[in-house]
């Protein structure tokens, strides 16, 4: 669990009470690609192999991953990539009811306890294959994508569900990972929508209760007759 206890003072009206709060843990990790240092990641200290594998894919730094190692002190994450290209290409569609099922699965215990975490889920063939929680919404996408990469799951068969907004940087991760459909509870931006459109990604936002908004490539969504 990526949570730590912290002393705090809670003020309610004119009453101040000492308390112990649950807060998210934030740590820094050095990422290496083929033994070359490429940057530092700020993330929750969980699923580090998935974080490394997914980050290089989602940022377009590699097309595949052959292995990931985490240093003994869990400070450095080493990602190795193969020479060959990954091939994908599967015609994915999604029914309206399944869109809500994806959103309903975004349950974050860390968020419920701290209010400081995001969550992403990854579905393939109608079932959830990965869920990740992190202080950064970008990291949650990296982690679920990394899980799929390490398990040799074809990302072009997958649907991504996110708790966070979908600006350009988030949609670009989806496009680089070759995921055809992304569903979010939150908003996108003009450039996020344009990125999805150009990349052929179906972008679904404001998915709450019985409604959602489709910004790009609606042909992948199956609606019942009369809807």
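The values are calculated or read from the model by the stated rules, or taken from the named source; none is laboratory data. Everything quoted here is computed from the prediction, not taken from an experiment. For neighbour counting, all protein chains shown are included, and Cβ atoms are generated from backbone atoms with ideal geometry for every residue, glycine included.
Structural remarks
- The lone exception for residue 37 - which of (1) surrounded by 12 or more Cβ atoms within 10 Å (Cβ to Cβ); (2) modelled with pLDDT of 95 or more it fails: (1)
- Scanning the stretch 94-108 for residues that are without any contact (Cβ under 8 Å) to a residue 40 or more places away in the chain, within 17 Å of the chain's Cα centre (by Cα) and in a helix (DSSP H, G or I) yields a total of 2.
- Options 126, 161; residue that is touching a helix residue (DSSP H, G or I) at 6+ places or on another chain (Cβ under 7 Å) and either under 20 Å from residue 56 (Cα atoms) or buried (at least 17 other Cβ atoms within 10 Å of the Cβ) (or both): 161
- When 91, 7 are checked against the criterion of being without any contact (Cβ under 8 Å) to a residue 60 or more places away in the chain and within 30 Å of residue 202 (Cβ to Cβ), 91 stands alone in meeting it.
- Test: residue in the stretch 22-40 that is within 25 Å of the chain's Cα centre (by Cα), part of a strand (DSSP E or B), in contact (Cβ under 8 Å) with a residue 60 or more places away in the chain and under 22 Å from residue 147 (Cβ atoms): yes
- Filtering the stretch 1-14 to residues that are part of a strand (DSSP E or B), surrounded by fewer than 10 Cβ atoms within 10 Å (Cβ to Cβ) and either modelled with pLDDT under 95 or in contact with a strand residue (DSSP E or B) (Cβ under 7 Å, 6 or more places away or on another chain) (or both) leaves 5, 7, 9, 12.
- Filter result for residue 146 (at pLDDT below 95, surrounded by 18 or more Cβ atoms within 10 Å (Cβ to Cβ) and under 30 Å from residue 67 (Cβ atoms)): no
- Selection status of residue 222, surrounded by fewer than 19 Cβ atoms within 10 Å (Cβ to Cβ) and in contact (Cβ under 8 Å) with a residue 40 or more places away in the chain: yes
- Of all residues making up the stretch 177-208, the number that are farther than 20 Å from residue 60 by Cβ, surrounded by fewer than 15 Cβ atoms within 10 Å (Cβ to Cβ) and in contact with a helix residue (DSSP H, G or I) (Cβ under 8 Å, 6 or more places away or on another chain): 1
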